[in-house]
Amino acid sequence: MLRFIYVIIMNVFRAPYIVPKMRREAEHPERYTEEDRYNLARHVVRLMKLSGKIHTKAYGIENLPKEGGYIMYPNHQGKYDALGIIHTHKLPCSIVMDKMKSNSFLVKEFMDLIQGKRLEKDNVRQALMIINEVAKEVLSGRRYILFPEGGYEFNNKNSVTDFKAGCFKSAVKAKAPIVPVALIDSYKVFNSFNFKKVFTQVHYLKPIFYDEYKNMKTNEIALLVRDRIQKVIDAYAV
């Protein structure tokens, strides 16, 4: 938590410039392309990484589908997870996030900038609407990050909990590639109580195409994705 506060303090002087710019680009998609807005989001992440002494290495970028939309399903460790993916994922992507956590300062601007979806966890009707919206957008070529664990435990030491089957309904509806993503040591970034350099890993695994999972139930897909992520974490985590 100390590092998180430190990063915010170190970038306070940038806020009068960067926050209005984020808001302006988010509010005027007719003037700023998705690439423009995503590049600004990545620039913000880069500034946070530099001031926070955060180093993230990506593996398996060649596994990402070259064309069309897809959904990335990572394990969840902390506040830095989506930022680490966005930093290493060059093509524009968006995210589905808990609405309660998405409206704080900077998070709101960031979510608006990448046109993220805000999920009301206790609202079944709204969740179904989000599932359908994501499926439709992925069909049109967009890319999304969905966290199938739903949440994370503080300082979880690279442990992976059960994946929620419902998170995979958007992929099934869109018949889209599923990209498992293994995050390693991401929990250390904003859970650290020191300011030493911190190193994290993002592993993009081989995509699971619709032909491979079309006859599976969503709970079976969840187990498959979780197992593949777990194997990579077991192999690379220290």
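The figures follow:
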{"quantity": "Whole-percent carbon and sulfur share, accessible surface of the range 103-238, 1.4 Å", "calculated": "55"}
{"quantity": "Spin-label proximity, LYS173 to the range 89-106 - amide N less than 20 Å from point 7 Å beyond Cα toward beta carbon", "calculated": "93-100"}
{"quantity": "222 nm mean residue ellipticity, helices alone, for the chain (DSSP H n ≥ 4; -39,500 (n - 2.57); rounded to 500)", "calculated": "-13000 deg cm²/dmol"}
{"quantity": "Selected from THR33, THR218, THR161 as most flexible by GNM, with the chain as the system and alpha-carbon contacts under 10 Å", "calculated": "THR33"}
{"quantity": "Relative contact order, percent, the range 42-179 [alpha-carbon distance under 8 Å, six or more residues apart]", "calculated": "36"}
{"quantity": "The chain: relative contact order as a whole-number percent, Cα under 8 Å and 6+ apart", "calculated": "29"}
{"quantity": "Trypsin sites (Lys or Arg not before Pro) restricted to DSSP loop in the range 185-238 with at most 10 other C-beta within 10 Å", "calculated": "LYS196, LYS197, LYS214"}
{"quantity": "Rounded to 5, percent antiparallel among DSSP beta bridges of the chain", "calculated": "20"}
{"quantity": "Area of GLU220 that stays accessible when all protein chains are in place (1.4 Å probe, Å², to 10)", "calculated": "80"}
{"quantity": "Extension reserve of the LYS53-ILE9 stretch, reckoned as 0.36 nm per residue once the Cα distance is removed", "calculated": "14.4 nm"}
{"quantity": "Å² per residue, accessible surface of the chain at 1.4 Å", "calculated": "52"}
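The values are calculated or read from the model by the stated rules, or taken from the named source; none is laboratory data. Keep in mind the model is a prediction, meaning the values are calculated, not measured. Ideal geometry is used to build each Cβ from the backbone, glycine not excepted, and the neighbour counts take in all protein chains shown. When the accessible area is computed, the model is the full protein with side chains, heavy atoms only, and any ligands, DNA or RNA have been set aside. Shrake-Rupley method; radii C 1.70, N 1.55, O 1.52, S 1.80 Å.
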